[in-house]
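The values are calculated or read from the model by the stated rules, or taken from the named source; none is laboratory data. Treat the numbers as computed from the prediction; the structure is a model and nothing was measured. Here the Cβ positions follow ideal geometry from the backbone for every residue, glycine too, while neighbour counts run over all protein chains shown. For the accessible areas, the whole protein counts, side chains as well, though only heavy atoms, and no ligand, DNA or RNA atoms are used. Shrake-Rupley method; radii C 1.70, N 1.55, O 1.52, S 1.80 Å.
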Amino acid sequence: MLQKIAFLGLGAMGSRMAQRLANAGHALTVWNRTPPAPAQWADARIADTPRKAATGADIVFTMVRDDEAARAVWLDPATGALAAMKPGALAIDCSTVSQAFAGALNIACASAGVDCLDAPVLGSRPQAEGGALIFLAGGEAATLDRARSVLAALGGAVHHLGPSGSGAAAKLILNALFGIQVTAIAELLGLAARMGLARADIAAVIAETPVASPAMKAAMSSMIGNAFAPMFPVDLVAKDFGLIADAATAASSAIPLASAARAVFDNALAHNLGEHNLTAVAKLYP
C-alpha cells in the first residue's frame with residue numbers, strides 16, 4: 001500500500017533509503033539539515049523543517065547522526081516532527097542512538113498517540129542503495145507488522161528484538177563487535193609485518209580459516225589495499241563506542257575489550273582519521 005512518508009536526514013545512508021521509497025511510489029517529503037538540491041528530489045516534496053515534513057504523513061523516518069540530532073529532529077519545541085504527526089501515524093527512527101533515547105522517544109510518541117519503532121540498520125551505502133539493509137527493531141509486534149511492507153522496500157530482513165529500545169541496544173552491541181574485530185585485525189597485521197611477514201600473505205591465510213567472517217575478509221582487503229573511502233567512518237564508530245560505554249556504566253557491566261577498542265578509535269580521531277573508513281585504524285600500526 002502506498003503511503004505518505006516523510007524522511008528526515010539525507011546523509012549517505014538516508015538519501016539512499018529515501019530514494020528507494022520514492023522509487024517504490026510512495027508520496028515522499030524530505031528534510032535535511034543542509035537543504036538538498038531540488039534537482040535530486042524531483043519526485044519528492046522538500047520541507048524546510050522536520051515539523052513541516054511530518055505534517056500529514058502516515059510514516060516518518062529519521063536517519064541522523066546521534067542522540068542530539070535525533071532529539072532535535074523529533075522533539076524540538078519549535079521545529080520537531082512529533083508535534084505535527086497525526087494520531088495513529090508511525091514514527092520509525094533508523095538512527096544509531098542510545099537505548100535511553102529510544103525509550104524516551106517511545107514515551108513521547110505514546111503521549112502524542114503515535115506508534116513508534118526504533119529500527120536501526122545493519123549495512124552500509126551499497127546495501128542502502130540496493131535495498132539489502134537488515135533492520136533491528138524495537139517496539140510492539142503489532143507496530144512492526146504495520147511497518148513491514150514499507151521496510152521491505154529498504155531491506156531484506158527485519159529482526160524484532162523486543163520492546164522499545166531493544167533495536168537500539170542490539171545495534172550498539174553489533175557495532176561494538178565489528179569495531180573490536182577491526183581493531184584486532186589491524187593490530188595483528190601490524191605485528192605480523194614487524195615479525196617479518198608480508199601483510200598480504202598472512203591476510204590470505206587468515207581469510208581461509210573459520211575465524212574469518214565475510215566482514216573481516218573485507219576489512220583486511222581494505223587495509224592491505226589502503227582503501228579507506230568512508231563506508232562506516234571512524235568518527236561514527238567512536239561515537240558508538242561512547243554510547244556502549246554509557247550503556248555499560250548504566251548496566252554495571254565490565255567491557256574491557258570494548259573499552260580497549262574505543263581507545264584505538266579515539267587515537268584514530270587524534271590522528272585526524274575521523275572521516276576515513278573504520279579500517280583506517282590500520283594506519284596506527286605501520
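At a glance:
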{"read-out": "Hits in the range 138-149 (condition: buried (at least 24 other Cβ atoms within 10 Å of the Cβ) and either among the hydrophobic types (A, V, I, L, M, F, W, C) or in a strand (DSSP E or B) (or both))", "value": "G138"}
{"read-out": "Residues of the range 124-136 satisfying the condition of being in a loop (DSSP other than H, G, I, E, B) and at pLDDT 95 or above", "value": "G131, A132"}
{"read-out": "Members of the range 84-103 that are assigned to a helix (DSSP H, G or I), surrounded by fewer than 24 Cβ atoms within 10 Å (Cβ to Cβ) and touching a helix residue (DSSP H, G or I) at 6+ places or on another chain (Cβ under 7 Å)", "value": "A84, Q99, F101"}
{"read-out": "Counted residues, the range 3-18 - those being open to solvent by 10 Å² or more (accessible area, probe 1.4 Å) and more than 12 Å from the chain's Cα centre (by Cα)", "value": "5"}
{"read-out": "Contacts under 7 angstrom Cβ, first residue in the range 197-219 being outside any loop (DSSP other than H, G, I, E, B), partner of a type in the set (S, T, Y), 6 or more apart", "value": "A219/T279"}
{"read-out": "In the range 160-177, the residues that are outside any helix (DSSP H, G or I) and open to solvent by less than 20 Å² (accessible area, probe 1.4 Å)", "value": "G162, G165"}
{"read-out": "The range 21-33, residues that are open to solvent by 90 Å² or more (accessible area, probe 1.4 Å) and either part of a loop (DSSP other than H, G, I, E, B) or touching a Gly at 6+ places or on another chain (Cβ under 7 Å) (or both)", "value": "R33"}
{"read-out": "Number of positions in the range 251-278 that are farther than 18 Å from Q181 by Cβ, touching a Pro at 6+ places or on another chain (Cβ under 7 Å) and open to solvent by 50 Å² or more (accessible area, probe 1.4 Å)", "value": "1"}
{"read-out": "Any hit, the range 109-123, residues being without any contact (Cβ under 8 Å) to a residue 24 or more places away in the chain and either among the aliphatic types (A, V, I, L, M) or not in a loop (DSSP other than H, G, I, E, B) (or both)", "value": "yes"}
{"read-out": "Residues being of a type outside the set (V, I, T) and not in a helix (DSSP H, G or I) - total across the range 229-286", "value": "18"}
{"read-out": "Members of the range 183-230 found to be surrounded by 13 or more Cβ atoms within 10 Å (Cβ to Cβ), over 18 Å from N267 (Cβ atoms) and of a type in the set (V, I, T), listed by number", "value": "I202, I206, I224"}
{"read-out": "Subset of the range 43-83 that is among the small types (G, A, S) and not in a loop (DSSP other than H, G, I, E, B) - its residue that is surrounded by the fewest Cβ atoms within 10 Å (Cβ to Cβ)", "value": "A72"}
{"read-out": "Residue check for R199: more than 17 Å from S98 (Cβ to Cβ) and out of contact with any Pro (no Cβ under 9 Å at 6 or more places or on another chain)", "value": "yes"}
{"read-out": "The range 67-86 residues that are hydroxyl-bearing (S, T, Y), paired with ones that are open to solvent by less than 50 Å² (accessible area, probe 1.4 Å) and outside any helix (DSSP H, G or I) (beta carbon under 8 Å, 6 or more apart)", "value": "T79/T49"}
